[in-house]
1. Within the set of pairs 6 or more residues apart or between chains, which connect a residue that is of a type in the set (D, E, K, R) inside region 91-112 to a residue that is modelled with pLDDT under 95 with Cβ atoms less than 6 Å apart?
2. Report whether or not residue 34 is under 23 Å from the mean Cα position of the chain (by Cα), more than 30 Å from residue 109 (Cβ to Cβ) and modelled with pLDDT under 95.
3. Does residue 139 count as among the small types (Gly, Ala, Ser), under 20 Å from residue 71 (Cβ atoms) and at pLDDT 95 or above?
4. Any idea which residue in region 78-102 is farthest from the chain's Cα centre (by Cα), counting only those that are of a type outside the set (A, V, I, L, M, F, W, C) and surrounded by 15 or more Cβ atoms within 10 Å (Cβ to Cβ)?
5. On the basis of being surrounded by fewer than 19 Cβ atoms within 10 Å (Cβ to Cβ) and farther than 21 Å from residue 156 by Cβ, does residue 111 make the cut?
6. When region 114-134 is examined, which residues are found to be outside any strand (DSSP E or B) and buried (at least 17 other Cβ atoms within 10 Å of the Cβ)?
7. Restricting the search to region 73-97, which residues are touching a Ser or Thr at 6+ places or on another chain (Cβ under 9 Å) and either more than 19 Å from residue 133 (Cα to Cα) or of a type in the set (Gly, Ala, Ser) (or both)?
8. Return the only residue of 122, 133, 146, 157 being under 17 Å from residue 70 (Cβ atoms) and modelled with pLDDT of 95 or more.
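The values are calculated or read from the model by the stated rules, or taken from the named source; none is laboratory data. Nothing here was measured: the structure is a model prediction, and the numbers come from that model. A quick note on method: Cβ atoms are made from the backbone with ideal geometry, for glycine too, and the neighbour counts reach across all protein chains shown.
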Amino acid sequence: MTRHPSLLISVAASALLAVACGGSSSNGAAGAPAATPTPQPVVKTATATVAGTSETVLVGENGMTLYYYAPDKGTGEATCTGQCLLNWPPLLLPTGVTKPTGERGVTGILGTVPSTAGGMQVTYNSWPLYFFVKDKVPGDTTGQNVGGKWFVVPPDVARGT
């Protein structure tokens, strides 16, 4: 029976060691909820040269210029679908984000519409927002007035009729 006390001491020591090594990582904030990261703005503003003039335009979080498509008429409905989306990919909400946000200077109303590309497409004052595949770096505005139907989005773009 002399082995049982040492076995008990060994078990007790192991239990204490396990508790000590697996201690709390809350750094004194026991029971405090984890901080929720602030979502990055999905829509921002930037200065770009548009038709030879320096203008403030809307850009995606990647800094690329955003465009609206005149046939969408600002009614909150995206009419660029199928092949059109190959050249004009929509600005989609990032995975896990349920509401678009804008940085200071984005004064219009941000919303979403279902995209035929999948996911939710961001709208600004009811205009669905798109990128242009020929824009290669932030500040490019090569999609301005393409076909007389595509235009960069200024922060004060009005709602359609």
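1. 103/41
2. yes
3. Judged against the criteria, residue 139 is not a match.
4. 87
5. Judged against the criteria, residue 111 is not a match.
6. Matches in region 114-134: 115, 125, 126, 129, 131, 132.
7. 73, 74, 75, 76, 77, 78, 82
8. Checking each option against the conditions leaves just 146.
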